1. Near the amide H of Thr134, under 5 Å away, which other amide H atoms are found, from residues 5 or more places off or on another chain, if H is placed in the peptide plane?
2. Give the order of Thr131, Thr5 when sorted by the count of other beta carbons within 10 angstrom, beginning with the fewest.
3. Taking the alpha-carbon centroid of each part, what is the distance from the range 76-93 to the range 114-157 in angstrom?
4. Work out from phi, with θ = phi - 60° and the Karplus expression 6.51 cos²θ - 1.76 cosθ + 1.60, the ³J(HN,Hα) of each residue of the range 179-196, listed in order in whole Hz, and give x for Gly and Pro.
5. Under the rule of at least 5 residues apart or a separate chain, name every residue whose amide H is placed under 5 Å from the amide H of Phe99.
6. Considering only the other residues whose Cβ falls under 9 Å of the Cβ of Thr24, what net charge follows from Lys and Arg at +1 and Asp and Glu at -1?
7. With a/c under 1.5 counting as rounded, go ahead and sort the range 68-215 into rounded, prolate or oblate using the C-alpha gyration tensor (a ≥ b ≥ c being the square roots of the eigenvalues; past the cut-off, prolate if a/b is larger than b/c, else oblate).
8. Given a cut-off of 17 Å, what percent of all Cα-Cα pairs of the range 4-95 lie beyond it?
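What follows is calculated from the coordinates using simple rules that are stated; it is not laboratory data. All figures in this text were calculated on a predicted structure; none of them were measured in a lab. A quick note on method: Cβ atoms are made from the backbone with ideal geometry, for glycine too, and the neighbour counts reach across all protein chains shown.
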Amino acid sequence: MQPTTTGRFRVHDRRPRPDVAEATEEFVLVEIPPDPIDPNAPESADAFDPIFVTAEGYDGDLEATIDALAPGVVIDGTLAWDDGTARFTEVETVREDRFRFAGNIEGIFEAAVEAWNAIRADGEAFGSVTTRSTDGEPNGALYLFADGPGGDTFAELRAGRIPIEPLVARVNERLDDDRPREVFVLRPADHPFVLVHVVFDRDGVLARTIRDTYDLGSGLAAGLDDGDEETAGDDGADDDGTVEDDADEDGSDDFDLRDRL
């Protein structure tokens, strides 16, 4: 009898494993623990280790369900193990979040650069800021990681070796709502950092603006074409998204997301 694992998982990515020659397409899953993980606890070190699951060779309804799985979604599933290889036997999508990965981004928004400069001025290699709409409402959490010579932070994040799940979990715990998130993992072409932007509302203006700006899928223009009231101001430019440091609550250092280098 094959051993099985049942639990709740995040579909972190879907692609052939880059470090395996002639690899078939796989899912990278991260198990979501039922209770919050203390980052200082000994077991936290491997709590979010990636799990590789075959993405091909399914039949019938299970094949259709698996083909529809996109990076970012949360699923309840059962995995069967055969000689170290995992395959799905049951899958149900429970949350429609999205992850998007893009490297060598040209013209990264200036707010991220300003935030990174402030982090480095403090001698840190990692930091975060809260992004806000032009109305001052929080709309995302922006995390910045150093990407120095000899390393590849973007690849580590995409492979799940640097976990993203705790960053999303922190947002979910803070907001305690059912809105699907959108997570953008972007590596600028001309700056030594990688950003992870956890946008609070996948269908909101900020997520659409980022998708538009970096050609990552349907974005603000699609919303305007559809007559979406949230995106359509008189000039088509309201609520684009600004960034301010978590410690600065007076809104005096706002940046427009569309400020480009």
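1. For Thr134, whose amide H was placed from the backbone, the distant partners under 5 Å are Asp239, Asp240, Gly241, Thr242.
2. If I rank by nearby Cβ atoms, fewest first, I get Thr5, Thr131.
3. The distance from the Cα centre of the range 76-93 to that of the range 114-157 comes to 35 Å.
4. Working through the residues one at a time gives 5, x, 8, 10, 10, 9, 10, 10, 10, x, 6, 10, 9, x, 8, 10, 10, 10 Hz.
5. Long-range HN contacts for Phe99: Gly72, Val73, Val183.
6. Result for the neighbourhood of Thr24: -3.
7. Note, shape of the range 68-215 comes out oblate.
8. Distances greater than 17 Å cover 50 percent of the Cα pairs.
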